[in-house]
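S.K.: Right, I'll just put the structure down here and ask away after.
The values are calculated or read from the model by the stated rules, or taken from the named source; none is laboratory data. Worth saying up front: this structure is predicted, and the values here are computed from it rather than measured. Here Cβ is always computed from backbone atoms with ideal geometry, including for glycine, and neighbour counts include all displayed protein chains. What goes into the accessible areas is simple: the full protein's heavy atoms, side chains included, and nothing from ligands, DNA or RNA. Shrake-Rupley method; radii C 1.70, N 1.55, O 1.52, S 1.80 Å.
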Amino acid sequence: MNAPVRSVEAAGDRVARFPQHKREEWIGRLYAYACVALLVVTIFSIVWFIASKGLTPFVSGAIRFSDLLFGRVWKPEGEPALFGALPFLAGSAYVSFLAAAIASPFGFCAAVFMTQIAPKLGRTVLQPAIELLAGIPSVVYGFVGLSVIVPFLREVFEGQGYGILAGSLVLSIMILPTITSIATDALHTLPAGLKEGSFALGATRWQTIYRLILPTTLPSLLTGIVLGISRAFGEALAVQMVIGNAPFVPTSLLQSAATLTSIITLEMGNTIGGSLHNNTLWSLALILLMMTFLFVFAVRFLERRAKR
Amino acid sequence: MSDTAFYTKDLSVFYGEKQAIKKVSITFPERQVVAFIGPSGCGKSTFLRSLNRMNDVIPGARVEGEIRIGGRDINDPSTDVVRLRQKIGMVWQKPNPFHKSIYENIAFGPRYHGVKDKRNLDEIVESSLRKTALWDEVKDRLHGSALALSGGQQQRLCIARSIAVQPSILLMDEPASALDPVSTAKIEELIAELKRDYSIVIVTHNMYQAARVSDKTAFFLMGDLIEYDETQKMFTNPSNRATDDYISGRFG
């Protein structure tokens, strides 16, 4: 007869020990931890998956890592099959850096214009226009590049029009919003009074901009460029549409070339999972991943410098 | 009496429709300190800013009347604003050192005005820092970041930066109000020191500071110049009722 009494007491005890606010606290905490855990697991699984696939060709001894990095010939169907990824590494590097070189001056100027010269026009017209630019899907960029830039280059220069130059031009427009918006933010957060201090010393507006404002915001501007390069490096579709996709180390801006991303999208459908060819494509994916890590570290480093 | 450094005649400043300064005429004596006092929003900072045309950069600001330095009206379209601002240094409430080394902060202005020679620049940097009593504190870290200095040191650096371009007039907009008492005392000492070479105009919220550092005091209220006289007289025997009320703390 004692048992029910005891259980009621126990229930009362539980309520006292776990009141509602404590329970809610625990549920919230559990939920947050679960989400974070899921996220971390997902990220690590992706990295693990890519690494395990991508490292197979080297572990099995089919390809030497240095051959992949420095080999100039990509002939996966050849006898013997050759996997030299230098053309793609070079192609990716060329288009990304060239795109950044084209886009950066425009991005800075746009940002300076929007913050220092005509803030009102910048806020009402330029800012929305640039945000729109960021929202256009890459296939549209590629299509425009294919129907405008490639024919234009074909008209003006010799050759097909496909190649590094076409790819860089398309990419430069795609990364312009990244560079511009980060530069704009940096210029907006300039400490108040810096500009006035420079004006009061007799500096003109232009002198103030290039002798004071640009050097002060340089780390943030570089962050924007690195993010732009990183986006250009990872962009596949638009580049693939205009670059010509020839696996050779390019010797001219107007020669067809290929990038890491474009070769992966092109060939992944034609390979059998587990084959050497397929695994080597994963190796290229691994290289892309490593490059991304590198860019992330570069950005972090620059941000730390910007805070000082 | 000493000579006149510059004077304003019927100076009015408008922000859009609003008139912030109403026909103010003041004569500033050479190598003396003039303090502007008055409650917030009375126009004393606006007046100060119009003296080196810093109001130019504010959209909608408009200036009427004359500001004459050495006989020339600075608002004349032919005035070279760059030369003007070189002659009139300015220091703000919040120290605004550039994100550069101490050396580069000082060398910044002279470089604009064409001093390229390294030895020349070194000299300017040293003498400017000596004049602001900063040299002994920073001489070992001239190439360290100016942002690592304390607030008071930063403010003195900003003063040093202004005098590096060899102005004849210094405008100070509440130069000590963001600083601790010790740093404030140093700035005040510095002002007393600097007035041997420069004509100084200082805006201050602190009436004791005005009494301590200035030779003449101007009291502003709602854009009007209420009274302008020797500081000694202003603080002991003001002729205007409103001045008396403000100085003795009955409002403001």
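S.K.: Only one residue in A:Gly84, A:Gly161, A:Gly107, A:Gly142 is among the small types (Gly, Ala, Ser), surrounded by 20 or more Cβ atoms within 10 Å (Cβ to Cβ), under 19 Å from A:Leu260 (Cβ atoms) and over 16 Å from the mean Cα position of the chain (by Cα), so which one is that?
M.R.: Working: A:Gly84 fails: surrounded by 20 or more Cβ atoms within 10 Å (Cβ to Cβ); A:Gly161 fails: under 19 Å from A:Leu260 (Cβ atoms); A:Gly107 fails: under 19 Å from A:Leu260 (Cβ atoms).
Result of the check over A:Gly84, A:Gly161, A:Gly107, A:Gly142: A:Gly142.
S.K.: Do we find a residue being surrounded by fewer than 17 Cβ atoms within 10 Å (Cβ to Cβ) and either at pLDDT below 90 or part of a loop (DSSP other than H, G, I, E, B) (or both) anywhere in the stretch B:118-126?
M.R.: First, the residues of the stretch B:118-126 that are surrounded by fewer than 17 Cβ atoms within 10 Å (Cβ to Cβ): B:118-120, B:122-123, B:126.
Retained after the next criterion (residues that are either at pLDDT below 90 or part of a loop (DSSP other than H, G, I, E, B) (or both)): none.
Taking every residue of the stretch B:118-126 in turn, none turns out to be surrounded by fewer than 17 Cβ atoms within 10 Å (Cβ to Cβ) and either at pLDDT below 90 or part of a loop (DSSP other than H, G, I, E, B) (or both).
S.K.: Sticking with this structure for a sec: If you check B:Gln153, B:Gln93, which single one turns out to be away from chain A (no Cβ under 11 Å) and open to solvent by 10 Å² or more (accessible area, probe 1.4 Å)? So that I can check it myself, show each step before the final result.
M.R.: Numbers: B:Gln93 fails: away from chain A (no Cβ under 11 Å).
Answer to the check: B:Gln153.
S.K.: If B:Phe98 passes every condition in (1) under 30 Å from A:Thr217 (Cβ atoms); (2) outside any helix (DSSP H, G or I); (3) away from chain A (no Cβ under 14 Å); (4) of a type in the set (Phe, Trp, Tyr) but one, which one does it miss?
M.R.: (3)
S.K.: Checking the condition under 29 Å from B:Thr217 (Cα atoms) and within 14 Å of chain A (Cβ to nearest Cβ), which residue from B:Ile106, B:Ile67, B:Ile88 passes? Write out each step before concluding.
M.R.: Values: B:Ile106 fails: under 29 Å from B:Thr217 (Cα atoms); B:Ile67 fails: within 14 Å of chain A (Cβ to nearest Cβ).
Result: B:Ile88 is the single residue among B:Ile106, B:Ile67, B:Ile88 that is under 29 Å from B:Thr217 (Cα atoms) and within 14 Å of chain A (Cβ to nearest Cβ).
S.K.: Could you pull out every one of the helices (runs of 4 or more DSSP H) wholly within the stretch A:159-264 that has 2 or more residues that are under 30 Å from A:His277 (Cα atoms)? Explain how you work it out, then say what you get.
M.R.: Working: elements: A:164-188, A:194-200, A:214-234, A:237-243.
It comes to A:164-188, A:214-234, A:237-243.
S.K.: Mind checking whether some residue in the stretch A:114-127 is assigned to a loop (DSSP other than H, G, I, E, B), modelled with pLDDT under 90 and open to solvent by less than 70 Å² (accessible area, probe 1.4 Å)?
M.R.: Pass one, the stretch A:114-127, residues assigned to a loop (DSSP other than H, G, I, E, B): A:118.
When the remaining residues are screened for being modelled with pLDDT under 90, the result is A:118.
Cutting the leftovers down to open to solvent by less than 70 Å² (accessible area, probe 1.4 Å) gives us A:118.
Among the residues of the stretch A:114-127, at least one is assigned to a loop (DSSP other than H, G, I, E, B), modelled with pLDDT under 90 and open to solvent by less than 70 Å² (accessible area, probe 1.4 Å), which makes the answer yes.
S.K.: Being part of a loop (DSSP other than H, G, I, E, B), in contact with a Pro (Cβ under 8 Å, 6 or more places away or on another chain), closer than 19 Å to B:Leu157 by Cα and not hydrophobic (A, V, I, L, M, F, W, C), is that true of even one residue in the stretch B:86-94? Lay out the reasoning, then the answer.
M.R.: To start, the set of residues in the stretch B:86-94 that are part of a loop (DSSP other than H, G, I, E, B) comprises B:92-94.
If we keep only those that are in contact with a Pro (Cβ under 8 Å, 6 or more places away or on another chain) as well, we get B:92-93.
Add one more test, that the residue is closer than 19 Å to B:Leu157 by Cα, and what stays is B:92-93.
Pick out the ones that are also not hydrophobic (A, V, I, L, M, F, W, C) and you get B:93.
The answer is yes, given that some residue of the stretch B:86-94 is part of a loop (DSSP other than H, G, I, E, B), in contact with a Pro (Cβ under 8 Å, 6 or more places away or on another chain), closer than 19 Å to B:Leu157 by Cα and not hydrophobic (A, V, I, L, M, F, W, C).
S.K.: Examine the stretch A:129-149 for a residue that is touching a Phe, Trp or Tyr at 6+ places or on another chain (Cβ under 7 Å) and closer than 27 Å to A:Leu214 by Cβ, and state whether such a residue exists. Working first, answer last.
M.R.: Within the stretch A:129-149, the first condition is being touching a Phe, Trp or Tyr at 6+ places or on another chain (Cβ under 7 Å), and the residues that meet it are none.
No, that holds for no residue.
S.K.: Looking at this structure, is A:Leu98 over 23 Å from the mean Cα position of the chain (by Cα), farther than 30 Å from A:Ala192 by Cα and at pLDDT 85 or above? Before the answer, list the steps.
M.R.: Values: over 23 Å from the mean Cα position of the chain (by Cα): no; farther than 30 Å from A:Ala192 by Cα: yes; at pLDDT 85 or above: yes.
Criteria not met by A:Leu98.
S.K.: Out of curiosity, is B:Val34 open to solvent by less than 10 Å² (accessible area, probe 1.4 Å), more than 14 Å from chain A (Cβ to nearest Cβ), modelled with pLDDT of 90 or more and closer than 18 Å to B:Ala5 by Cβ?
M.R.: Working: open to solvent by less than 10 Å² (accessible area, probe 1.4 Å): yes; more than 14 Å from chain A (Cβ to nearest Cβ): yes; modelled with pLDDT of 90 or more: yes; closer than 18 Å to B:Ala5 by Cβ: yes.
Yes: the conditions hold for B:Val34.
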